[in-house]
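Worksheet for the structure shown next.
Computed from the coordinates by the stated procedures, all read-outs in this text should not be read as laboratory data. Here the structure is a predicted model, which is why all the values come from computation and not from measurement. Note that we place each Cβ from the backbone using ideal geometry, even for glycine, and neighbour counts take in every protein chain shown.
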Amino acid sequence: MQRENGFTLITLMFLLGLAVIAAMVAFKTAPAYMNYFTVKSSLENIIADGTDQSNQEIRKSFAARLNVNFIEGITAEDLEIDKEEGVLTLSVPITSKEHLFGGVSISVDLEAKASAPIK
């Protein structure tokens, strides 16, 4: 007698449940990662504009880039500027906490960073 192979209804429901949970996590974390890559690109562009800028000019340029890219929850005051040992380092912490369901939340902590030697 040959044994039949295949999914049972319970297996299908379980796999669909896992797929739904994975999709929920992806949809909730995607905006944080999109903000991260946008902010990182902005920091790299600020450094490409020149490392001889004052801190005030850097913050002003960063604020303008945040405004153009519609980034919410991050301000120019969050920008950390470090000019040590002849290297300009710009970094911005990006934190996002999103509610999934019930009492379950997901937290994403990232740090966008760019650095270059001061000319």
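Ordering Pro31, Phe7, Leu100 by the projection of their Cα atoms onto the charge dipole of the chain, which places +1 on the Cβ of Lys and Arg and -1 on the Cβ of Asp and Glu, puts Phe7 at the extreme positive end. Once the Cα atoms are used to define both axes, helix 9-49 deviates from the longest principal axis of the chain by about 10 degrees. Of the GluC sites (Glu not before Pro) found in region 19-84, those in coil by DSSP whose Cβ has at most 13 other Cβ atoms within 10 Å are Glu72. Hey, what did the chain get for relative contact order, percent, Cα under 8 Å, at least 6 apart? Relative contact order here is 27 percent.
Comparing Thr75, Thr11, Thr89 in a Gaussian network model of the chain (Cα springs below 10 Å), the most mobile by mean-square fluctuation is Thr11. Take the chain, connect every pair of alpha-carbon atoms lying under 10 Å apart with a spring to form a Gaussian network, then pick out the residue of Leu12, Leu66, Leu100 with the largest mean-square fluctuation. Of Leu12, Leu66, Leu100, the most mobile in the Gaussian network model is Leu12. Between the C-alpha center of region 56-111 and that of region 6-35 there is a gap of 28 Å.
Compared with the dominant principal axis of the Cα atoms in the chain, helix 55-68 is inclined by about 40°. Rounded to the nearest 20 debye, the dipole magnitude of region 1-113 is 580 debye, with +1 charges on Lys and Arg beta carbons, -1 on Asp and Glu beta carbons, and the Cα centre as origin. In straight-distance terms, cross-link reach from Lys60 covers every one of the lysines whose alpha-carbon lies under 26 Å from its own, apart from those fewer than eight places away in the same chain; here that gives Lys40, Lys83, Lys113, Lys119. Here the Gaussian network model covers the chain, with springs between Cα atoms less than 10 Å apart; of Leu43, Leu90, Leu18, Leu18 fluctuates the most. A DSSP coil position with no more than 15 other Cβ atoms inside 10 Å describes the following chymotrypsin sites (Phe, Trp or Tyr not before Pro) in region 1-52: Phe7.
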